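Reviewing the structure listed below.
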Amino acid sequence: MSTKPTDVGAVDSPAPSSKQAALTDAEVQKIRSEFPCLQLHRHGKRLVYLDNAATTQKPRAVIEALSRYYEGQNANVHRGVHYLSALATELYESARKRIKEFLGAHLVCEIIFTRGATEGINLVAQTFGRQHVGPGDEILVSEMEHHSNIVPWQMLCEEKGANLRVIPINDRGELLMDQYEAMLTDRTRLVSIVHVSNALGTINPVRQIIQIAHGRGIPVLVDGAQSAPHMAINVAELGCDFFVCSGHKMMGPTGIGVLYGRAELLESMPPWHGGGDMILSVTFEKTIYNGIPQKFEAGTPHIEGVIGLGEAINYLQNLGMPRIQAYEAQLLDHGTRVLEAIDGLKIIGTAREKAGVLSFIMDHAHPHDIGQLLDEEGIAIRAGHHCAQPVMQRFQIPATARASLAFYNTREELDLLGEAILKVKKVFG
Ligand code: PLP
């Protein structure tokens with residue numbers, strides 16, 4: 001399909017955080033002292049960690065929750081009658097309640113634990129998708145998706161003879177909403193859209209996207225891998241049907257994530273993995289499945305991951321998501337000014353509604369060389385296609401260098417980034 005845009009990109013309604021007081025510099029200094037990895041040095045310099053879209057660092061509270069679990073709470077959940085099992089189950093299920101509040105879901109049973117955003121999307125593709133998508137049907141994604149919101153749908157489309165359709169973006173990296181609306185047909189079975197692009201930083205107007213799709217009876221999955229760590233989410237208010245996120249990008253452990261699904265949909269979906277915990281009874285003739293959320297959590301879960309994620313959510317909530325968002329917006333403004341002042345540097349992704357991602361290219365220097373030279377200055381960024389190759393194709397570039405922000409970063413770190421890039425410039429001319 002053609003992806004030549006007319007320039008009428010989407011702008012989100014003003015961020016609710018704009019009225020909230022940002023974290024103060026003094027608070028950020030205290031926060032930094034709570035993250036052991038932020039105290040590391042590289043080449044004799046204090047580490048400047050600007051690879052937060054890949055994964056965030058973990059506060060001591062999360063690390064301690066993990067050791068506490070293994071040192072005094074370790075047992076399998078749901079099945080035991082003994083003290084430790086009851087304790088582990090209580091911790092596991094109370095983390096689910098905390099996450100339900102954090103995401104603004106109506107019901108605790110709407111929170112399914114997965115390995116991450118990727119697994120959440122695959123779960124929906126393999127259950128809801130297989131159930132509802134047939135030959136000639138369509139699934140809509142955008143040109144700025146992470147591979148994990150492309151490939152599971154391609155696999156489903158291949159299996160079912162369905163078509164994956166792609167909403168184009170403009171040169172700023174904003175969705176073309178008029179084209180989106182025009183692409184919805186009576187064959188569209190699902191819209192699966194990223195909330196915040198990891199490659200461009202664009203914040204998509206998901207509320208509007210959902211309203212338009214729902215107006216035609218089409219469900220919407222929101223990939224919140226890059227939004228849940230940086231802004232307040234309320235899935236019930238947004239009205240999305242599914243929402244996925246990853247614990248490791250929100251100060252929590254790796255290998256744990258969340259799929260939110262509207263209870264009515266989850267109940268009507270077939271299970272995905274079979275095994276222990278997802279059943280009520282099994283005979284060789286017939287198995288009766290458990291209710292939600294257990295129906296989608298076969299086998300022994302990532303118990304310490306869930307507990308650690310609960311602790312991370314607690315940490316984020318204590319800081320306050322609106323205050324985090326307001327502070328990160330200030331950081332983004334500062335970082336954008338620093339980069340824009342560098343001759344020969346071009347920022348890729350200049351959406352009017354943007355989160356803390358600074359993707360850029362430079363004359364004469366390949367992004368990988370930029371990344372390597374910045375590493376020598378103690379600055380960790382990412383270089384590559386960021387698992388979003390279609391974005392690179394859209395901008396006709398092989399890769400970008402990407403600095404991505406979190407609430408523990410500072411303006412001084414972004415100044416150091418600017419100074420280090422000037423050194424890179426000297427090397428490459
Ligand atoms: N979606 C987006 C927008 C992402 O940035 C990422 C990871 O970078 C993912 C999905 C996949 O997350 P995970 O690898 O944690 O499953």
| the chain, dipole about Cα centre (Lys/Arg Cβ +1, Asp/Glu Cβ -1), debye to the nearest 20 | 260 debye
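Quick check for me: using +1 on Lys/Arg Cβ and -1 on Asp/Glu Cβ, what's the dipole size of the stretch 62-318 about its Cα centre, in debye to the nearest 20?
260 debye
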| task | Starting from the Cα gyration tensor of the stretch 62-318, take the square roots of the eigenvalues, sort them a ≥ b ≥ c, and report rounded, prolate or oblate (rounded when a/c is under 1.5, otherwise prolate if a/b is larger than b/c, else oblate). | result | oblate
| field | DSSP beta bridge pairing in the stretch 85-198, given as percent antiparallel to the nearest 5 | value | 10 percent
| said: With 28 Å as the cut-off, how large is the P(r) tail for the chain, expressed as percent of Cα-Cα pairs? | reply: 50 percent
| How high is the relative contact order of the stretch 62-318, in percent, counting Cα pairs under 8 Å that sit 6 or more residues apart? | 25 percent
| message | Quick check on packing: order 128-138, 250-260, 392-402 by the mean number of other C-beta atoms within 10 Å, highest mean leading. | response | 250-260, 392-402, 128-138
| task | Keeping the other protein chains in place, figure out the carbon and sulfur percent of the accessible area of the stretch 62-318, with a 1.4 Å probe. | result | 51 percent
| said: Using Cα-Cα distances under 8 Å and only pairs 6 or more residues apart, what relative contact order does the chain have, in percent? | reply: 24 percent
| How many angstrom separate the Cα center of the stretch 360-409 from the Cα center of the stretch 251-311? | 37 Å
| said: Using a 7 Å offset from the Cα along the Cα-to-Cβ direction at both D343 and E237, what is the distance between the two label points in nm, to one decimal? | reply: 4.7 nm
| task | Take the alpha carbon gyration tensor of the stretch 56-96, find the square roots of its eigenvalues, order them as a ≥ b ≥ c, and report rounded if a/c is under 1.5; if not, report prolate when a/b exceeds b/c, else oblate. | result | prolate
| field | In the stretch 24-129, the trypsin sites (Lys or Arg not before Pro) that fall in loop regions by DSSP, at most 15 other Cβ within 10 Å | value | R79
| message | Placing +1 on the Cβ of each Lys and Arg and -1 on the Cβ of each Asp and Glu in the stretch 267-418, which of M362, A401, G276 has its Cα farthest towards the positive end of the resulting dipole? | response | G276
| query | Using a 1.4 Å probe, what is the accessible area per residue for the chain, in Å²? | reply | 41 Å²
| query | Of W153, W272, which has the most accessible area with a 1.4 Å probe, and how do the rest follow in descending order? | reply | W272, W153
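The values are calculated or read from the model by the stated rules, or taken from the named source; none is laboratory data. Since we're looking at a predicted model, the values are computed, not measured. For neighbour counting, all protein chains shown are included, and Cβ atoms are generated from backbone atoms with ideal geometry for every residue, glycine included. Quick note on the areas: whole protein, heavy atoms, side chains included, nothing else; ligands and nucleic acids left out. Shrake-Rupley method; radii C 1.70, N 1.55, O 1.52, S 1.80 Å.
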